[in-house]
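> Okay, here's the structure, questions in a sec.
The values are calculated or read from the model by the stated rules, or taken from the named source; none is laboratory data. Just so it is clear, the structure is predicted and the values come from calculations on it, not from any experiment. Note that we place each Cβ from the backbone using ideal geometry, even for glycine, and neighbour counts take in every protein chain shown. Note: areas computed on protein heavy atoms with side chains; ligands, DNA, RNA excluded. Shrake-Rupley method; radii C 1.70, N 1.55, O 1.52, S 1.80 Å.
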Amino acid sequence: MTRLVRRALCVSLLFLGFAVAVPAQDATSDLATAYSQAMTEFQAGNYAKAAGDLEALVARVEVSPQVEPIFFTIGSAWFNAGDYTKAIAAFKIYQAKFPKGPHAGGAAFAIAQSNLMGKNFKEAAAQMAALENDPQLREQALLFEAEAFKAAGKNDEAIGALEKLTGKEIATSDAMRGATMLAQLYAQKGDGAKALQMLEVIHQKIALADNIIELNALTVDLGDKFYGKQQFKEALACYRAAWPREEIIRLQNERIAGMQRRIEENLASARANPADIAQLAPANNRLKESIANAQKLLAEFEKLPSITPAIYLRLGRRFYVLERKWEAVVVYQEILERCNEVP
């Protein structure tokens, strides 16, 4: 295809109005149709089909900056399809053809994430560590680095990554996820003081937490661990931080609605800046998975009896052990008056 006869064909896609320039001759405008069909498959969630169609498409055109987004989308499609081996291969092709392309950082991150999802934890951790200095990728890189270390059984290394992530301030949902994981790892390690300190920070930034049920369970479990070690003041602080059933349900529903809004915001961003679709689609997939998990936990939680009486009973026992008998009396009286049908 000569440069003289090459022109850009703008393809408007159904649903997102996605448009990317595809070089083609006037006589081969079927490339535009092929591209449109492939991206329609991508939007419909038929990722393997989209990847195959896009691979066939780029084999028919010259490599140029105009087709750069297509190479990145091929990797994204394989990633979304769950074929991480093919995703890594596709992103490496992108890196070879566009080493300084606009999606170069995203390709490096996607390779690391593909290794994480493919359970190649050593490679994933090393690759994520290499991305820590990228301001746009730092938080996610540290979070996934910690996940890779944790999955590999290297909890101390996971703690190190999470301490970097949460060191200054918890200001994003990724940092909150890291803080929750860090509190769990501190508790597993037996470092109750640090676990409690992190839990207090988490509760101060509770609006950023996506999974209230999981966080509440962590709070109660940490309290039980403190009590088992006769650290009664710390146990009491945890039990006081636990929420009643009605509040947990309300907060969890709010978080689900919030994640749904983020999906809609990503779709709006993709309409405004179509070149970001390959990055926003995986983000939306992760949000959808989080929503499904949160909804499942909520449905299971709503079937369970209220944990409030058990929390009150724990509080009463802790007050009693701490020689705070009047508070113990008040809590036990509350149990008798409000929970008289609970065994």
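> For Lys229, go through the aspartates and glutamates and keep the ones whose alpha-carbon is under 17 Å away, minus same-chain ones fewer than eight residues off.
Those aspartates and glutamates meeting the cut-off are Asp191, Asp221.
> Turning to a different aspect of this structure: With +1 on each Lys and Arg Cβ and -1 on each Asp and Glu Cβ, how big is the dipole of region 210-293 about its Cα centre, in debye rounded to the nearest 20?
About 100 debye.
> Still on this model: Return one number: the angle in degrees, 0 to 90 and rounded to the nearest 10, between the long axis of the Cα atoms of helix 104-117 and the longest principal axis of the Cα atoms of the chain.
Once rounded, one gets 50 degrees.
> Please calculate the 1.4 Å probe accessible area of Arg250, with all protein chains present, and give it to the nearest 10 Å².
Counting only protein heavy atoms, the figure is 110 Å².
> Next question. Starting from the residue with the highest accessible area, list His103, His203 in decreasing order, probe 1.4 Å.
Largest accessible area first, the list is His203, His103.
> Computing the accessible area with a 1.4 Å probe over protein heavy atoms, can you report the carbon and sulfur percentage for region 31-147?
Using a 1.4 Å probe with all protein chains present, region 31-147 comes out at 53 percent carbon and sulfur.
> What share of Cα pairs, in percent, lie more than 36 angstrom apart in the chain?
35
> If Ile111, Ile93 are ordered by their accessible area, calculated over protein heavy atoms with a 1.4 Å probe, which sequence runs from highest to lowest?
So, going from the largest accessible area down, we get Ile93, Ile111.
> Accessible area per residue of the chain at 1.4 Å probe, in Å²?
Each residue of the chain exposes 51 Å² on average to a 1.4 Å probe.
> So what J values fall out for region 285-301 if you push phi through Karplus, 6.51 cos²θ - 1.76 cosθ + 1.60 with θ = phi - 60°, rounded to Hz, Gly and Pro as x?
5, 5, 5, 5, 5, 5, 5, 4, 5, 5, 5, 5, 4, 5, 4, 5, 5
> In the Gaussian network model of the chain, springs joining C-alpha atoms below 10 Å, which of Glu68, Glu163, Glu300 carries the largest mean-square fluctuation?
So, out of Glu68, Glu163, Glu300, the one fluctuating most is Glu300.
> Sticking with this one: Taking all protein chains as present, what is the carbon and sulfur share of the accessible area of region 202-321, in % to the nearest whole number, probe 1.4 Å?
52
> Per DSSP H run of n ≥ 4, the term is -39500 (n - 2.57); total these for the chain, divide by its residue number, and report the mean residue ellipticity at 222 nm rounded to 500 deg cm²/dmol.
So the calculated ellipticity at 222 nm is -23000 deg cm²/dmol.
> From largest accessible area down, sort Val330, Val67, Val58; use a 1.4 Å probe on the protein chains.
Final ranking, largest accessible area leading: Val330, Val58, Val67.
> Subtract the Cα-Cα distance of Gln230 and Asp156 from 0.36 nm times their separation in residues, and report this length gain in nm to one decimal.
Full extension from Gln230 to Asp156 adds 24.1 nm.
> Taking 22 Å as R0, compute the FRET efficiency from the Cβ-Cβ separation of Arg60 and Lys92 and round it to 0.05.
0.55
> Could you give me the ³J(HN,Hα) list for region 29-43, computed from phi with Karplus coefficients 6.51, -1.76, 1.60 and θ = phi - 60°, whole Hz, x at Gly and Pro?
Residue by residue, region 29-43 yields 5, 5, 4, 5, 5, 4, 5, 4, 5, 5, 6, 5, 4, 4, 5 Hz.
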